[in-house]
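S.K.: Structure in structure tokens, see below.
The values are calculated or read from the model by the stated rules, or taken from the named source; none is laboratory data. What you are looking at is a predicted structure, and each value in this text was computed from that prediction instead of being measured. Positions of Cβ are backbone-derived with ideal geometry, glycine not excepted, and every protein chain shown enters the neighbour counts.
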Amino acid sequence: MRRVGTFLLALSAFVLFTIPAMAAERDYYKVGVVTSLSGDLATGGNVTKRGYDLWAKTVNEQGGIEVNGKKYKVKLYYGDDGSQPAQGAMAAERLATQEGVDFVLGPYASGVTLAAAPVLEKYSVPMITGSAESPMIWLQKFKYTFGTVPAVTFTAAAAIKSIAALKPQPKTAIIIGSNDAFSKATAEAFQTAAKSAGIKVLKFNIVPSGQDLTPFLSAAKNLQPDLIAFGGHDEELINLVKALVQIDYTPKALLMHYGVTEPAFIEGLGKNANDVFGASVWTGDLPIKGAYLWPTAKAYADAAQKEFKTPADYTQAGCSAAGIAFQVALQKAALAPPLDQAKRQKLVNALENLDISTFYGTIRFAKSGEFYHSNVGVKPITVQIQKGQVVVVGPANLAKAPAVYPMTPWNKR
């Protein structure tokens, strides 16, 4: 009887763990999404959501992803990371184990990406982030993690180079960064590029995230730097401009990175958003042509405006491009759902060999080196807010207008 009981127990366990796997046979892809739907980074997190949602909707409107003559739709399964790395890791764990997703569209924030990537590595689940830019992600050389937005070291340096070419050239700078993976890397990239361009860095500070920047900027006012460069997120960028207005100090140039192109930045500052520089890799008016879903950058920008009634920035575009990268890799490798571990490995191989033209630019992931699995196919641009619009001001061959320099004083706007 004991042997019979043991056999029945084993049989029950077999049924328990194999029936769900058998039931997993389906005619659609289960796509996990980890991003910041709440918390301090929810503004940016919802930008990524718009990008992922628009990709999924557009693919499904066309019948799905075609593999071997059959089309499979996509269903998104969201995990809110609450703007916290630990919560992002838990969301990734749930999507991999409980939801059994085929692959993951990754977080808005670099810190959350760094926390979620090892979890997905453990379960061999491929992830593409359409937003995270910290070079620390690529230095870890995660086998299953990719990104459509280049490392910030690449884009930030280009923005500094554009500003350094202005006349009269800025001679001095103060650089500040929030203490998170992306913002710190941004500030460090600004510092390195400024020194290389012959701009003297008078002060460099990494401050706690969400810190009141007024004391730092008051000290900056005493030093009278030509350039203030800041690495931060969302509300922090807006608050920095408000603090500068409050202490009535206008540098010759004010540079930020991500966030300047967010519609929320212009909405939150009005005329005081004007003349602020930013780094980017995409705008809707760039002369980019693609072969998937949207034929041009403008076509994507128009579709996004129609869908969400707000302009698309480069993070939203990068997130939709992340979906396209998965879509094309699945087609090239002929991988129908569901994806077991062997298929997911084939998906990684297909991603590594992608070299495609999209509305966002070229998607080509590095196979080695310091940018391992980061997209090295797109080129950085420098933008500036002019009359409430994001305008490309560098490099010269892509510029839509000359830069406004020096900045218009706050009290003359």
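S.K.: I'd like the full set of residues that are over 26 Å from residue 178 (Cβ atoms) and crowded, with 24+ Cβ neighbours inside 10 Å, limited to the range 84-101.
M.R.: Of all residues in the range 84-101, those over 26 Å from residue 178 (Cβ atoms) come to 93-101.
Selection gives 95, 101.
S.K.: While we're here: Could you please let me know if residue 62 is closer than 21 Å to residue 258 by Cβ and either more than 17 Å from the chain's Cα centre (by Cα) or surrounded by fewer than 24 Cβ atoms within 10 Å (Cβ to Cβ) (or both)?
M.R.: So residue 62 fails the test.
S.K.: Within the range 240-294, take every residue that is aromatic (Phe, Trp, Tyr) and under 17 Å from residue 388 (Cα atoms) and give me the one that is modelled with the highest pLDDT.
M.R.: If we filter the range 240-294 for residues that are aromatic (Phe, Trp, Tyr), which is where we start, we get 249, 258, 265, 277, 282, 292, 294.
From what is left, the residues that are under 17 Å from residue 388 (Cα atoms) are 258, 265, 277.
Working: 258: 74, 265: 93, 277: 97.
Filtering first and then ranking leaves 277.
S.K.: Those residues that are among the aliphatic types (A, V, I, L, M), under 17 Å from residue 381 (Cβ atoms) and in contact (Cβ under 8 Å) with a residue 40 or more places away in the chain, I need them from the range 274-302; list them, please. Spell out how you get there, then give the answer.
M.R.: Residues of the range 274-302 that are among the aliphatic types (A, V, I, L, M), as a first pass: 276, 279, 281, 286, 288, 291, 293, 297, 299, 301.
Filter once more, keeping what is under 17 Å from residue 381 (Cβ atoms): 276, 279, 281, 286, 288, 297, 301.
276, 279, 281, 286, 288, 297 - these are the residues of the range 274-302 that are among the aliphatic types (A, V, I, L, M), under 17 Å from residue 381 (Cβ atoms) and in contact (Cβ under 8 Å) with a residue 40 or more places away in the chain.
S.K.: Here's something else I'd like to know. With (1) within 18 Å of residue 162 (Cα to Cα); (2) of a type in the set (Gly, Ala, Ser); (3) assigned to a strand (DSSP E or B) as the list, and residue 357 as the residue in question, which single condition is left unmet?
M.R.: Checking residue 357 against (1) within 18 Å of residue 162 (Cα to Cα); (2) of a type in the set (Gly, Ala, Ser); (3) assigned to a strand (DSSP E or B), the one that fails is (1).
S.K.: For the range 322-338, give me the residue count where each residue is in contact with a Phe, Trp or Tyr (Cβ under 7 Å, 6 or more places away or on another chain), buried (at least 18 other Cβ atoms within 10 Å of the Cβ) and not in a helix (DSSP H, G or I).
M.R.: The total comes to 1.
S.K.: Here's another thing I want to ask about it. Which numbered condition trips up residue 68, out of (1) at pLDDT below 95; (2) in the same structural domain as residue 359 (by TED's automatic domain parsing); (3) surrounded by fewer than 16 Cβ atoms within 10 Å (Cβ to Cβ); (4) within 26 Å of residue 91 (Cβ to Cβ)?
M.R.: (4)
S.K.: Can you tell me which residue among 141, 184 is out of contact with any strand residue (DSSP E or B) (no Cβ under 6 Å at 6 or more places or on another chain) and either of a type in the set (Val, Ile, Thr) or surrounded by fewer than 24 Cβ atoms within 10 Å (Cβ to Cβ) (or both)? Even if it seems obvious, please write down each step before you answer.
M.R.: Values: 184 fails: out of contact with any strand residue (DSSP E or B) (no Cβ under 6 Å at 6 or more places or on another chain).
Going through 141, 184 in turn, just one is out of contact with any strand residue (DSSP E or B) (no Cβ under 6 Å at 6 or more places or on another chain) and either of a type in the set (Val, Ile, Thr) or surrounded by fewer than 24 Cβ atoms within 10 Å (Cβ to Cβ) (or both): 141.
S.K.: Among the residues of the range 111-138, what is the count of those that are among the small types (Gly, Ala, Ser), assigned to a helix (DSSP H, G or I), in contact with a strand residue (DSSP E or B) (Cβ under 8 Å, 6 or more places away or on another chain) and in contact (Cβ under 8 Å) with a residue 40 or more places away in the chain? If you could, list the steps in order and put the result at the bottom.
M.R.: The first filter runs over the range 111-138 and keeps only residues among the small types (Gly, Ala, Ser), leaving 111, 115-117, 124, 130-132, 134.
Remaining after also requiring assigned to a helix (DSSP H, G or I): 111, 115-117.
Still in the running and in contact with a strand residue (DSSP E or B) (Cβ under 8 Å, 6 or more places away or on another chain): 116-117.
Going one step further and asking which of them are in contact (Cβ under 8 Å) with a residue 40 or more places away in the chain, we end up with 116.
Qualifying residue count for the region: 1.
S.K.: Further, regarding this structure: Can you confirm whether residue 32 is of a type outside the set (A, V, I, L, M, F, W, C), at pLDDT 95 or above and either surrounded by 24 or more Cβ atoms within 10 Å (Cβ to Cβ) or not assigned by TED's automatic domain parsing to the domain that holds residue 316 (or both)? Walk me through it before giving the result.
M.R.: Working: of a type outside the set (A, V, I, L, M, F, W, C): yes; at pLDDT 95 or above: yes; either surrounded by 24 or more Cβ atoms within 10 Å (Cβ to Cβ) or not assigned by TED's automatic domain parsing to the domain that holds residue 316 (or both): yes.
Considered against the rule, which asks whether it is of a type outside the set (A, V, I, L, M, F, W, C), at pLDDT 95 or above and either surrounded by 24 or more Cβ atoms within 10 Å (Cβ to Cβ) or not assigned by TED's automatic domain parsing to the domain that holds residue 316 (or both), residue 32 comes out as yes.
S.K.: Now, a different point. Give me a count of the residues in the range 244-266 that are within 21 Å of the chain's Cα centre (by Cα) and either touching a residue at least 60 places away in the same chain (Cβ under 8 Å) or surrounded by fewer than 21 Cβ atoms within 10 Å (Cβ to Cβ) (or both).
M.R.: Taking the range 244-266 as the starting set, the residues that turn out to be within 21 Å of the chain's Cα centre (by Cα) are 255-266.
This time we only want the ones that are either touching a residue at least 60 places away in the same chain (Cβ under 8 Å) or surrounded by fewer than 21 Cβ atoms within 10 Å (Cβ to Cβ) (or both), so: 255, 257-266.
So the answer is 11.
S.K.: Please work out which one of (1) part of a helix (DSSP H, G or I); (2) without any contact (Cβ under 8 Å) to a residue 24 or more places away in the chain is the condition residue 362 fails and give its number.
M.R.: (1)
S.K.: Would you mind stating whether residue 217 is buried (at least 24 other Cβ atoms within 10 Å of the Cβ) and either among the basic types (Lys, Arg) or not in a strand (DSSP E or B) (or both)?
M.R.: Working: buried (at least 24 other Cβ atoms within 10 Å of the Cβ): no; either among the basic types (Lys, Arg) or not in a strand (DSSP E or B) (or both): yes.
Taking the combined requirement at face value, the residue does not satisfy it.
S.K.: Which ones in the range 156-203 are closer than 19 Å to residue 399 by Cβ, basic (Lys, Arg) and in a helix (DSSP H, G or I)?
M.R.: Result: 161, single match.
S.K.: Is it the case, given these coordinates, that residue 183 is among the small types (Gly, Ala, Ser), farther than 18 Å from residue 151 by Cβ and at pLDDT below 95?
M.R.: When the stated conditions are applied, residue 183 does not pass them.
S.K.: In addition: Within the range 144-173, which residues are surrounded by 24 or more Cβ atoms within 10 Å (Cβ to Cβ) and among the β-branched types (Val, Ile, Thr)?
M.R.: Result: 145, 148, 149, 152, 155, 160, 163.
S.K.: To continue, here is another question. When the range 139-152 is examined, which residues are found to be in contact with a helix residue (DSSP H, G or I) (Cβ under 8 Å, 6 or more places away or on another chain) and in contact (Cβ under 8 Å) with a residue 40 or more places away in the chain? Walk me through how you get there before you give the answer.
M.R.: Filtering the range 139-152 for residues in contact with a helix residue (DSSP H, G or I) (Cβ under 8 Å, 6 or more places away or on another chain) gives 140, 142-149, 151-152.
Residues satisfying the conditions are 142, 143, 144, 145, 146, 147, 148, 149, 151, 152.
S.K.: Separate question: Please find, among 301, 312, 279, the residue that is of a type outside the set (Lys, Arg) and either part of a helix (DSSP H, G or I) or surrounded by fewer than 22 Cβ atoms within 10 Å (Cβ to Cβ) (or both). Talk me through it step by step, then tell me what you get.
M.R.: Working: 312 fails: either part of a helix (DSSP H, G or I) or surrounded by fewer than 22 Cβ atoms within 10 Å (Cβ to Cβ) (or both); 279 fails: either part of a helix (DSSP H, G or I) or surrounded by fewer than 22 Cβ atoms within 10 Å (Cβ to Cβ) (or both).
Every option except 301 fails the conditions.
S.K.: Restricting to strands (runs of 3 or more DSSP E) lying wholly in the range 38-110: which have 1 or more residues that are out of contact with any strand residue (DSSP E or B) (no Cβ under 7 Å at 6 or more places or on another chain) and charged (D, E, K, R)? Explain how you work it out, then say what you get.
M.R.: Values: elements: 65-67, 70-80, 103-105.
Once the strands (runs of 3 or more DSSP E) in the range 38-110 are filtered for at least 1 residues that are out of contact with any strand residue (DSSP E or B) (no Cβ under 7 Å at 6 or more places or on another chain) and charged (D, E, K, R), what remains is 65-67, 70-80.
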